[in-house]
Amino acid sequence: MTLNEIDSLVKGSGFASIGFLDKNGNPGIRKVFSTWHKGLGGHLISTNTSSQHVQALLENNRACLYFDDSRTFRGVCFTGTVIAHFDHEYKAMIWNEGDEKYYSKGVDDEDYCVLEFRADYGRYYRYDGIGDISAEELAEYDKGAEFVNYTRK
């Protein structure tokens with residue numbers, strides 16, 4: 001897969017699975033909304049502050065983020081770090097009408113936060129092969145990129 005094909009997969013997914021280690025070192029994985037992307041290496045996730053994965057990521061910020069299309073058997077897994085944002089700026093930036101069903105107190109709900117995933121490298125697969133994406137390739141591809149919302153319509 002080319003980086004442009006991987007980019008299309010990521011931006012068309014709408015969701016990702018985030019992998020993390022809990023406080024006992026056991027792996028966990030959760031499906032999360034992820035429609036805000038900065039090239040291939042930066043991703044924003046809206047989620048509940050009280051959730052197990054956020055609490056685990058506050059202790060150990062190493063994670064993986066997996067995007068896939070199960071219909072075509074394509075996927076990419078990025079490994080990197082997570083930064084948790086609790087400030088109004090990030091929360092307001094990715095807030096969508098209807099999010100109040102998840103966060104009843106609105107954009108400043110204390111149980112609402114934004115996770116920023118920063119990829120160090122990646123690995124992709126498709127029916128015709130598997131390959132790696134280096135940190136250098138990510139940096140070059142993402143040069144000049146800004147966060148953009150690719151919400152499915």
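The values are calculated or read from the model by the stated rules, or taken from the named source; none is laboratory data. If you're wondering where the values come from, they're calculated on a predicted model, not measured in any experiment. Reconstructed Cβ throughout: ideal geometry from the backbone, glycine too, with neighbour counts over all protein chains shown.
Only residues that are over 16 Å from the mean Cα position of the chain (by Cα) and not aliphatic (A, V, I, L, M) were counted in the stretch 61-103, giving 17.
The residues of the stretch 118-153 include none that are on the phi > 0 side of the Ramachandran plot and surrounded by 10 or more Cβ atoms within 10 Å (Cβ to Cβ).
Residue count for the stretch 77-113, restricted to those that are assigned to a strand (DSSP E or B) and not small (Gly, Ala, Ser): 9.
Residues are listed down the side, and each one gets a yes or a no for (1) of a type in the set (Phe, Trp, Tyr); (2) in contact (Cβ under 8 Å) with a residue 40 or more places away in the chain; (3) closer than 27 Å to residue 100 by Cα; (4) surrounded by fewer than 20 Cβ atoms within 10 Å (Cβ to Cβ):
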{"site": "31", "(1), (2), (3), (4)": "no, no, yes, yes"}
{"site": "39", "(1), (2), (3), (4)": "no, yes, no, no"}
{"site": "49", "(1), (2), (3), (4)": "no, yes, yes, yes"}
{"site": "60", "(1), (2), (3), (4)": "no, yes, no, yes"}
{"site": "72", "(1), (2), (3), (4)": "no, yes, no, yes"}
{"site": "83", "(1), (2), (3), (4)": "no, no, yes, yes"}
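Considering only residues in the stretch 8-29 that are touching a Leu at 6+ places or on another chain (Cβ under 6 Å) and over 14 Å from residue 59 (Cα atoms), the one that is surrounded by the fewest Cβ atoms within 10 Å (Cβ to Cβ) turns out to be 18. Residues in the stretch 85-102 that are touching a residue at least 12 places away in the same chain (Cβ under 8 Å), closer than 19 Å to residue 14 by Cα and either aromatic (Phe, Trp, Tyr) or surrounded by fewer than 11 Cβ atoms within 10 Å (Cβ to Cβ) (or both): 90, 95, 102. Taking the stretch 134-149, which residues are part of a helix (DSSP H, G or I) and either touching a Lys or Arg at 6+ places or on another chain (Cβ under 9 Å) or at pLDDT below 95 (or both)? Result: 142, single match. Per the listing 67, 78, the residue uniquely crowded, with 17+ Cβ neighbours inside 10 Å, modelled with pLDDT of 95 or more, touching a Gly at 6+ places or on another chain (Cβ under 6 Å) and hydrophobic (A, V, I, L, M, F, W, C) is 78.
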